[in-house]
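The values are calculated or read from the model by the stated rules, or taken from the named source; none is laboratory data. Worth saying up front: this structure is predicted, and the values here are computed from it rather than measured. We place every Cβ from the backbone using ideal geometry, glycine too, and count neighbours over all the protein chains shown.
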């Protein structure tokens, strides 16, 4: 399936002075302020965009034909063009959005080039998404998890629901980043894929069990697990007829592995340590990473879900826009036309 | 006995091998490097683990290979600085480009030495032939002989190997001395003249005899070394030695006749000196004296190693004229130096011209009167026939004014007695006379212009008598007396130890102070008791000049009145006339024969060479004085020149080999490097190859420094490739030997290909740095 073209305005959003970049956002305090900034940036961009999101009433014009209800005639257009056009509106329905946020240690990684951790980035996106949904009087809920489900906030559509929603997100922000010393001195923990439980698959199964009502599920995670387990968990959501958007949040360094000097890597989540020459391993690493990425994306799409890859150095409003439009890749990652 | 070594390896600068310690640097860096890991936390350990598990062994191998390559680079670079070489009998460096080769072929006498039934000359020719045969299409050759007169047999570069081979076969072997400095100068000139554009090399095929290649004069040796350096810069210099370490040889290295002036019926002694040039004692060596092929006498000699032994043959002749003698030693490895030739002109009389610078009508008042009286005392007193010697001195006195009209060639000796003036023509004729073997005695007197004599006779060190006439010294009240005569000199040996001869007791009141410049070839024969020179001699051409610093009459002393004066005058005549009566030369030297009539044009002469070949000689120049010059004296023996004149006068000249060629000791490899050739980069000579011409031609010294540097260059590229991509690096490492070999065979490509490859690699690397690796992978995945 051909990827939708990106408008010029959309790609230019990155360079706009008002773009909500991670650097800008990291200077703001308070998740509510951040969420508002993201959403406002997103809405500002919306005015310049011909595309519409899933929760916006889609309007279209068609020529009047005898028998049509006159109350839908767009008189302004008639005044300008002396022709009859009808405005058409999609029927709006209230829905519940379940936001799933991975708060495991691996989400606390931040490379030197990035201004925020994956968790911070995911948290900000979740906050903005919740803010936007609640502004539309739709319901939003939040579930945080690592190996297990840690916190749950059932969906609600009252405007006052924003406060507990943001408060729960605020609680996920760690006081400081994990250092090498923290990781090196920490007792080896159980590797996620080898957890006694089923890891992310178990978490998703639990989420599916607790959210009977059909709705939108947005999963924020780096998904550094076995793709098969992830897909197995997603199948539970699919079984419940949920509309699922998988947002894979990664740091660009995790994809490009841009290290040159000999490095001792300390795995987060107690995954051991490795001393190696990054230049010699880079190609193999990237190959492994891309293979896992492709496998996961293909599997997710086969389940009829949307899979988006966002990187922590991308503007948050752009990422939010992509989530809302279910745009799987950014213009930068799209292959050049041959 | 030499052993044949097919492979020899060494270093020109072995002390630079300390650089090999640099090989430890990568290991040290690696060791230090291991301790400097950057620590960082990492989330995506799953992929890192998967990547390392698949890559770990390969990475370790690549890391090890990279370390080896880096170490090897330093090792090779250090070894290259030490300039290693490989000398192999089985390997000859070849070049795909056209090569111009200048072959210096030694044809000197020592090349006639026989080893295992073959002469070294044959080996050298065979080596030269194979060198030419090994050439490829487009190769050119020049051929130059090493001899006293180097001959460019193939002067212009020849592309026809057949012609060059033919010339090698026809290159005549000489018995001359190998004048290496002169040959090298000619070689350098030839290289400059040769219009070559490709690779150039100079191959010297010689026995590298010490006598030729190790010069006694340090300055000359340095000049030769400089010349070799210049030649080595013009082309790769290769040496192919064909000599072995040492060959036993003995030679008759001198044969003289005593007295020098041989008179009819008088006994003459033939003094022969045999030198043993080997480390073995030469016992009962048979030495023969022959005349015209007829054995006159035979003696046996014992000659210690590296020492001389003398033999004396006493004989006499009853018929006047030239006689050709031959002293022969029994055959050994070099036969040409076993014969020594001697030409003896047995005289009935000696003609002496006395130039009287101060004429007088009164008896014994003229400047030459006492000499005239001394040279013919018996004639003056009309002795009885029984006391008459069978040979006579026939003096003729002329005035100074007649000098310009007198033909000196009719005389054997000329005395200048207090001659006040010599014009340029007279001086030139006197020089020609002495150069041709005549004797000249110069006596002082009041009329002698000292400054003029200094200028005319000195001739800036190259004249008849290179001395400086300073001033006339008066004795005052105490007369000067001659000092003790030297016993070893023919002129004074009769007076040495014989005070009653009256030489040391005669009084001299005045003499001319003479200074001998440091570089003067003149030497003092007899001095006054206070050290001032009294008799000075100088060899000029084939003749001799003797200066008497006092007068030859009684004006400046009483010597002319004393008994020693008469015998001294006779000895003087015999001594200075010897150049006239015993003509000899060395092989390669030109012979000069005066014509019978200096004024008559169109005269010819007949030359009979030692091998019996006859040719007609024509005067060397059309104007008087007439002289015949023989330049081709490549063969030792007797050269007879019969003048086509009514008198039919015959000149006999003995031409002998240069004794230096008899010493068949050769420069060792070390000496070739450090002594004669200095720091010149040469192909390593392999002495053992001399025993086999076939081996000699295939020998060559491989200068490995260039190859090593080439390998370093290639390995640097391999290292870069390995650092960039291990698999590509491994491929580069596998093909690197082929690359080095290919580049070694194509030097011009060696400059272009590595540079292009490095540029391409650098461009690719820069391009890859600017492109995220994931982009290409993502693209590939999408495709």
Out of (1) surrounded by fewer than 16 Cβ atoms within 10 Å (Cβ to Cβ); (2) at pLDDT below 85; (3) touching a helix residue (DSSP H, G or I) at 6+ places or on another chain (Cβ under 7 Å), the odd one out for residue B:336 is which? (1)
Within the group B:370, B:306, which residue is surrounded by fewer than 17 Cβ atoms within 10 Å (Cβ to Cβ) and not in a strand (DSSP E or B)? B:306
Filter pass, residue A:111 being in contact with a helix residue (DSSP H, G or I) (Cβ under 9 Å, 6 or more places away or on another chain), more than 20 Å from residue A:245 (Cβ to Cβ) and within 14 Å of chain B (Cβ to nearest Cβ): yes
So in segment B:234-252, with the set limited to residues that are closer than 22 Å to residue B:335 by Cβ and surrounded by fewer than 21 Cβ atoms within 10 Å (Cβ to Cβ), which one is modelled with the lowest pLDDT? B:245
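Residues are listed down the side, and each one gets a yes or a no for (1) away from chain B (no Cβ under 14 Å); (2) part of a helix (DSSP H, G or I); (3) modelled with pLDDT of 90 or more; (4) surrounded by 16 or more Cβ atoms within 10 Å (Cβ to Cβ):
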site	(1), (2), (3), (4)
A:141	yes, no, yes, yes
A:165	yes, yes, yes, yes
A:168	yes, yes, yes, yes
A:175	yes, no, no, no
A:178	no, no, no, yes
Filter result (in contact with a helix residue (DSSP H, G or I) (Cβ under 6 Å, 6 or more places away or on another chain) and farther than 17 Å from residue B:200 by Cβ) within segment B:130-160: B:130, B:146, B:150, B:153
How about segment A:284-304: which of its residues are at the interface with chain B (Cβ under 7 Å from one of its Cβ atoms) and either surrounded by fewer than 19 Cβ atoms within 10 Å (Cβ to Cβ) or at pLDDT below 85 (or both)? A:290, A:294
Would you check which residues across segment B:543-563 are surrounded by 21 or more Cβ atoms within 10 Å (Cβ to Cβ) and in contact with a helix residue (DSSP H, G or I) (Cβ under 9 Å, 6 or more places away or on another chain) and list them? B:543, B:544, B:545, B:546, B:547, B:548, B:550, B:551, B:552, B:553, B:559, B:560
Could you list all residues from segment A:249-264 that are free of Cβ contacts under 8 Å to residues at least 60 places away in the same chain, touching a helix residue (DSSP H, G or I) at 6+ places or on another chain (Cβ under 7 Å) and either buried (at least 23 other Cβ atoms within 10 Å of the Cβ) or within 8 Å of another protein chain (Cβ to nearest Cβ) (or both)? A:255, A:256, A:257, A:259, A:262, A:263
Go through the residues of segment B:708-720 one by one and say whether even a single one is more than 14 Å from every other protein chain (Cβ to nearest Cβ), at pLDDT below 75 and part of a helix (DSSP H, G or I). no
Could you list, in sequence order, all residues of segment A:265-282 that are part of a helix (DSSP H, G or I) and more than 7 Å from every other protein chain (Cβ to nearest Cβ)? A:269, A:270, A:278, A:279
Going through segment B:26-76 in order, the residues found to be touching a residue at least 24 places away in the same chain (Cβ under 8 Å), farther than 15 Å from residue A:275 by Cβ and within 8 Å of another protein chain (Cβ to nearest Cβ) are B:62
